[in-house]
Amino acid sequence: GSVLGTGVYRSGQLIQENRTIYIVYKNTKTGFASLSAFRGLGFELNDVTNVGNSGLSSSSFVVTTSNAAHPWGSWVKSGQTVYFVHELGLIPVPNMNTLFNNGGEERLIVLANSHDFRLSILSPMTINDSRMR
């Protein structure tokens with residue numbers, strides 16, 4: 001078996017521990033302060049997995065509003081282009097095969113907002129993209 005929380009949860013996965021919903025990013029979790037912030041960013045409760053205790057360390061960030069860019073680990077879409085929200089900016093995803101190869105799930109893609117595009121646009125995602133680890 002693997003150590004709980006190490007490589008078990010993919011970036012972008014939505015998990016719930018106790019009454020808090022988190023988004024996973026590179027083996028850390030970022031919490032949503034309220035259901036309105038969570039839903040306001042386009043996320044859905046039916047995409048959340050209740051995990052009890054993930055064993056993931058918490059990032060120093062809490063999502064308090066939907067009037068901001070999506071948190072790191074989000075998969076967002078604008079027009080026909082899907083992006084991954086990385087700490088350095090938005091990574092365009094050239095096709096669904098690349099998204100799936102890097103742990104993305106179509107059901108976790110939400111609509112991008114204007115705040116997302118204040119982030120830098122990075123080079124396109126590749127198969128087994130090192131930026132995802």
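Throughout, read-outs are computed from the coordinates displayed, never taken from laboratory work. What you are looking at is a predicted structure, and each value in this text was computed from that prediction instead of being measured. Backbone-built Cβ (ideal geometry, glycine too); neighbour counts: all protein chains shown.
A few notes on this one:
- Listed residue (Asn102, Ser120, Ser78) projecting farthest to the positive dipole end of the chain, Cβ model: Ser120
- Leu88 paired with Lys26, simple spin-label distance in nm, labels 7 Å along Cα-to-beta-carbon: 1.0
- Based on DSSP H segments of at least four residues, each scored -39500 (n - 2.57), the chain has a per-residue ellipticity at 222 nm of -2000 deg cm²/dmol.
- Here the chain is treated as a Stokes sphere of Kirkwood radius computed over C-alpha pairs; at 10 °C and 1.306 mPa s its diffusion coefficient rounds to 107 µm²/s.
- Springs between Cα atoms under 10 Å define the GNM used for the chain, and in it the highest mean-square fluctuation of Arg39, Arg19, Arg118 occurs at Arg19.
- Across the range 53-122, counting alpha-carbon atoms alone, Rg and Dmax equal 12.6, 36 Å.
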